[in-house]
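Q: Quick one: this structure, given as structure tokens, is what I'll be asking you about.
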Amino acid sequence: MWSSGTHEGGRINSVGPQGVASDAQGRAHRRIDLRIADYLLARLERIRGDEVTVVLPTPGGYATSSVMIANALGRFPRSTAVVPYMALSGGPLIALGAREIAIGRCAALSAVDPVGLV
């Protein structure tokens, strides 16, 4: 789901510390939890400027973590969530926090149904 980028404007494209959320093909393997939210929020804090792009291939995760990330995205005047092929559960919730959503031609968004409150 989210990691590289400049600090002038950011692009976050693979969530979490090494291999936590996606493999080399961008396939997500882990639910969005507080550890991932903490990592991503720290990355977003370091971005100078008003633009960020987050790439979201995610199976989703916990409600609280997803809301925290969505709120952080909403604080950027120019934020884009890119869904290349899927954003499930808490993933659409995060995407809805961005000012713009770009969805791949064959991408799918599920209902917003994150698991639990953590």
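The values are calculated or read from the model by the stated rules, or taken from the named source; none is laboratory data. Remember, predicted model here, so these are calculated numbers, not experimental data. In this analysis, Cβ positions are derived from the backbone assuming ideal geometry, glycine residues included, and neighbour counts consider all displayed protein chains.
Q: Do we find that Pro59 is at pLDDT below 90, surrounded by fewer than 21 Cβ atoms within 10 Å (Cβ to Cβ) and either over 10 Å from the mean Cα position of the chain (by Cα) or closer than 12 Å to Ala37 by Cα (or both) in this structure?
A: yes
Q: Right, something else. Within segment 61-68, is even one residue touching an Asp or Glu at 6+ places or on another chain (Cβ under 8 Å), among the small types (Gly, Ala, Ser) and not in a strand (DSSP E or B)?
A: Scanning segment 61-68 turns up at least one residue that is touching an Asp or Glu at 6+ places or on another chain (Cβ under 8 Å), among the small types (Gly, Ala, Ser) and not in a strand (DSSP E or B).
Q: Now for a different question. Picking from Gly74, Gly60, which residue would you name as being of a type in the set (Gly, Ala, Ser) and either under 12 Å from Leu96 (Cα atoms) or touching a Cys at 6+ places or on another chain (Cβ under 6 Å) (or both)?
A: Matching residue, one of Gly74, Gly60: Gly74.
Q: Continuing with the same structure: So how many residues does segment 74-112 have that are touching a helix residue (DSSP H, G or I) at 6+ places or on another chain (Cβ under 8 Å), surrounded by fewer than 21 Cβ atoms within 10 Å (Cβ to Cβ) and either in a strand (DSSP E or B) or of a type in the set (S, T, N, Q) (or both)?
A: Selection size over segment 74-112: 3.
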